[in-house]
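No value in this document is a laboratory result; all are computed from the given coordinates. None of the values given here were measured: they were computed from a predicted structure. In this analysis, Cβ positions are derived from the backbone assuming ideal geometry, glycine residues included, and neighbour counts consider all displayed protein chains.
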Amino acid sequence: MTGGGAAPSASRRDRLARDLLTVRPHGDAHWVALRAGICVLVPLLVLWATGHLTWSIFAVFGAMTSLYGRNRVHVPRLQLQVQVGVLLTLVTAGGVLVGTSEHRAWLAVPLAALLASGAALLSDVQDWHPPGALFPVFAFTACASLPAQPRDVPVALAVAAAAAAFAVVVGNLGAFWRARRRPRDREGRTPWRRGDWAASLGWHVLPSGLAVLVAGTVATGVGIGHPYWAMVSAVVPLVAREFRDQLVRGLHRLVGTALGLAVAAVVLAVDPPALALIALVTLLQVGAELLIGRNYALALTCVTPLALLMVYLVAGGDRQALLLDRGLETVIGVAVGLVIGYLTRAGVGQPPVR
């Protein structure tokens with residue numbers, strides 16, 4: 001009896017270890033990486049040249065529009081990127097608006113939870129790639145954490161919108177060229193059926209909102225300096241449908257963040273000048289997109305220092321506290337996301353296979 005029970009357990013451990021260590025084919029990731037690098041580099045150089053590098057966080061969030069639509073070409077990609085670009089622009093400005101309140105830390109938590117659920121539903125309905133609520137939640141909560149003045153809201157709106165518009169142009173010039181070369185590339189998405197709404201609510205939408213609410217409440221209540229990282233990390237596992245895949249994604253987040261913090265510690269210790277930081281942010285964005293589809297933990301060795309540099313460029317502060325906050329809040333967020341994922345694993349059906 002003992003031996004019979006041990007074998008399946010060992011097999012599950014083997015599959016888990018294999019999933020954690022698998023490095024998948026690159027899948028033409030160089031195109032997305034090239035677009036992402038251009039879309040980050042150009043706005044940052046413009047801000048540096050005009051003496052407004054403190055607005056860089058708004059530009060980077062707008063530039064994240066370039067990450068969407070890799071599974072589409074031509075008009076379908078244009079439509080998706082315009083929609084996502086508008087959303088990222090609005091949530092960036094909305095975060096700045098929350099940042100004008102002295103109660104911004106607690107105000108951001110329920111609003112981010114609502115945003116997480118709404119973005120998760122949009123992701124399912126519109127078949128986003130990358131899927132899930134991570135980037136909208138990141139943009140909103142990071143901007144909401146920074147003290148702001150009312151005059152900063154139109155600035156955030158304009159800078160994020162300009163960066164998003166530039167990303168749409170860059171992304172769709174390439175999409176048009178590739179559509180002519182490969183006309184059989186996917187151009188649409190599977191229409192939704194009535195039952196898909198209930199499935200999405202049960203496995204993704206409601207769990208995402210709940211995870212952000214719990215993680216944000218815990219991190220804010222404990223008094224850690226950057227609670228938005230807990231909220232962002234909480235939605236990461238919930239992109240996957242099955243709990244085993246959620247566990248893999250959560251472990252990837254933890255391991256990759258630890259490795260990325262080591263990279264970030266070196267970069268922050270060197271304290272490079274502004275132009276070098278811009279070049280480094282661009283290279284990290286390119287590296288993240290080259291690796292994100294291959295192994296999430298490896299990608300986070302670029303994503304983690306990239307996120308930290310974005311914050312450091314705007315707010316500065318204690319570097320050691322920045323690193324420690326990122327590590328602690330990642331643990332909190334992943335733990336909350338996995339618990340929510342486990343408790344809701346039965347859900348309400350499963351989402352459609354696309």
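Data for the structure
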item: Percentage relative contact order, region 28-343, counting C-alpha pairs under 8 Å, at least six apart; result: 25 percent
item: Region 108-123 - phi-based ³J(HN,Hα) in whole Hz, Karplus 6.51/-1.76/1.60, Gly and Pro as x; result: 5, 5, x, 5, 5, 5, 4, 4, 4, 5, x, 5, 4, 5, 4, 4
item: Options 120, 101, 338, ranked by Cα towards positive dipole end of region 28-343, top entry (Cβ charges); result: 120
item: Surface/4 of the Cα convex hull for region 28-343, nm²; result: 14.9 nm²
item: Unit charges on C-beta of K, R, D, E only; dipole of region 28-343, Debye; result: 1040 debye
item: 3J(HN,Hα) from dihedral phi, region 321-332, Karplus parametrisation 6.51/-1.76/1.60, rounded to Hz, x for glycine, proline; result: 5, 4, 5, 5, 4, 4, x, 5, 6, 5, 4, 4
item: Additional length obtainable on full extension of the chain from residue 274 to residue 45, 0.36 nm per residue less Cα span; result: 81.5 nm
